[in-house]
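The values are calculated or read from the model by the stated rules, or taken from the named source; none is laboratory data. Computed from a predicted model, the values in this text were never measured in an experiment. All Cβ positions, even for glycine, are placed from backbone atoms using ideal geometry, and neighbour counts span all protein chains on display. Please note that ligands, DNA and RNA were not included when accessible areas were found on the heavy atoms of the full protein model with its side chains. Shrake-Rupley method; radii C 1.70, N 1.55, O 1.52, S 1.80 Å.
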Amino acid sequence: MNEGVEWALHSCLNLAWIGEERAVTAARLAAYHELPASYLNKQLQALVKAGILSSVPGPKGGFRLARSLERITLMDVVTAIEGPDEAFRCTEIRGQGPGATTGRPTAECAIAGAMGRAELAWRRELAAQTLADVRDRAERQAPGAPDRIRRWFAAL
């Protein structure tokens, strides 16, 4: 998974703490974590395309959440950034090299089966957790973070 997923998740939480009344530019969101703005902007555009964020044009424009954190799962964000493809792709190398059997193997590849089951469990877990769940844990771990983030983004 690329770093864009982490950046997107943090951006969504920051936008939630900032509040829905204010749009924030990609440059400002990037500055908070000292990230490259152009790369973060690509991640934010992917979130807009997925309906997680909305983009507000104009001088006071930027990004804001398009729906509540309770309605955004971790899987939603991962899929928006990484795409829907499976992480493991079996290319059936069993049919190559000196150990290859003639014809296509008939039984499922044990490795592909194990990886598929692991990925399904991973996807189910990500789909079961919302950004509201993550926000709640973050606020328990760092109770002052939301106010600190609001103040930083308000100071322009």
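Assorted remarks:
- Each peptide in 140-153, 84-97, 36-49 gets a packing score, the mean of other Cβ atoms within 10 Å over its residues, and the list from highest to lowest is 36-49, 140-153, 84-97.
- Charging the Cβ of each Asp and Glu at -1 and of each Lys and Arg at +1, and nothing else, the dipole of the range 67-106 about its Cα centre rounds to 160 debye.
- To put it simply, the accessible area of the chain at a 1.4 Å probe is 54 percent carbon and sulfur.
- Whether the range 29-82 is rounded, prolate or oblate, judged on the alpha carbon gyration tensor where a/c under 1.5 counts as rounded: oblate
- Per residue, the accessible area of the range 1-88 comes to 51 Å² when a 1.4 Å probe rolls over the protein heavy atoms.
- Long hydrophobic helices in the chain, taken as whole DSSP H segments with a C-alpha length of 20 Å or more on their own axis and mean Kyte-Doolittle hydropathy at least 0.5: 3-18.
- Listed residues ALA114, LEU126, ALA138: farthest to the positive end of the dipole of the chain (Cβ charges): ALA138
- About the centre of its Cα atoms, the range 29-156 shows a dipole size close to 400 debye [charges on the beta carbon of Lys, Arg (+1) and Asp, Glu (-1) only; nearest 20 debye].
- Computed over the chain, the per-residue total of -39500 (n - 2.57) for DSSP H runs of n ≥ 4 gives a 222 nm mean residue ellipticity of -17000 deg cm²/dmol, rounded to 500.
- Cα gyration tensor category, rounded, prolate or oblate, for the range 90-130 with a/c compared to 1.5: prolate
- Computing Rg and Dmax of the Cα atoms in Å directly from the structure and comparing it against (i) 17.1, 58; (ii) 20.2, 69; (iii) 14.1, 43 singles out (ii).
- Placing a pseudo-label 7 Å from each Cα along the Cα-to-Cβ vector at LEU120 and GLU108 gives an inter-label distance of 0.6 nm.
- Projecting label points 7 angstrom from Cα along Cα→Cβ for MET1 and TRP152 puts them 2.1 nm apart.
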